[in-house]
Amino acid sequence: MIRPISLFLILFVGYFTLSLKSIDYNTINKTIKTDALYTKGQNIFKRDCASCHYIEMDKIATAPALGGITKLRKKDWLYSYTRNSYKMFEQGDKIAKENISKGWGLMTAFPNLTNSDLDALYYFVEKRYEMSKKGVPLEK
Ligand code: HEC
């Protein structure tokens, strides 16, 4: 006779094996969970930035690709540049002078973006960039 504990073990191991089989690892690699901060950043990006910067962050459009920018620039610099790049140029900021002398068109100023807007915006920029590198298609 099978003792209840053995029956329990058989069921448990059986269930565990089956559930492992139903995981599709390809899908896991292609899905990175998005969250509220991502969605907020995405909305701001679509409204203010996507007309010039490529939304998948990995290609040049009429403006440079922004993927990886938070590793290249300091946060304070990024936030004030986004709010008014030309002002930084006028104040003699070295990187601003370099960027603006490269012959791109001029970037719009966004003085109304708050710190929390910019936190969300650059969170989206980097997360979207990671997703693009993994081949995750842009969500509709
Ligand atoms: C009208 C087009 C336009 C819009 C809209 C725009 N940008 Fe730009 N952006 C540019 C151009 C052109 C450059 C490169 C020349 C320069 O730095 O001015 C640039 C440069 C940048 C840089 C500097 C990159 C570096 O290598 O230092 C950052 C950061 C940036 N943009 C962020 C943003 C963000 C965030 C938004 C939306 C809030 C935005 N831009 C909206 C045109 C635009």
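The values are calculated or read from the model by the stated rules, or taken from the named source; none is laboratory data. Since the model is a prediction, treat every value here as computed from it, not as a measurement. Cβ sites come from the backbone with ideal geometry, for glycine too, and all protein chains shown count toward neighbours.
Summary of computed values
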| read-out | value |
| --- | --- |
| Considering residues of the range 66-99 that are near the ligand (Cβ under 9 Å from one of its atoms) and either at pLDDT below 95 or part of a loop (DSSP other than H, G, I, E, B) (or both) only, the residue farthest from residue 133 (Cα to Cα) | 73 |
| Candidate set from the range 43-92 (those that are among the hydrophobic types (A, V, I, L, M, F, W, C) and closer than 17 Å to residue 103 by Cα); member that is surrounded by the fewest Cβ atoms within 10 Å (Cβ to Cβ) | 60 |
| Subset of the range 121-140 [of a type in the set (A, V, I, L, M) and under 15 Å from residue 50 (Cα atoms)] | 121, 125, 138 |
| In the range 102-123, the residues that are surrounded by 13 or more Cβ atoms within 10 Å (Cβ to Cβ) and either among the aromatic types (Phe, Trp, Tyr) or closer than 13 Å to residue 44 by Cα (or both) | 104, 110, 113, 117, 118, 119, 120, 121, 122, 123 |
| Condition check for residue 103: without any contact (Cβ under 8 Å) to a residue 40 or more places away in the chain and within 12 Å of the ligand (Cβ to nearest atom) | yes |
| Residue within the range 124-139 that is assigned to a loop (DSSP other than H, G, I, E, B), within 10 Å of the ligand (Cβ to nearest atom) and either surrounded by fewer than 14 Cβ atoms within 10 Å (Cβ to Cβ) or within 11 Å of the chain's Cα centre (by Cα) (or both) present | no |
| Selection from the range 112-123 of residues that are over 17 Å from residue 66 (Cα atoms) and either assigned to a helix (DSSP H, G or I) or within 11 Å of the ligand (Cβ to nearest atom) (or both) | 112, 113, 115, 116 |
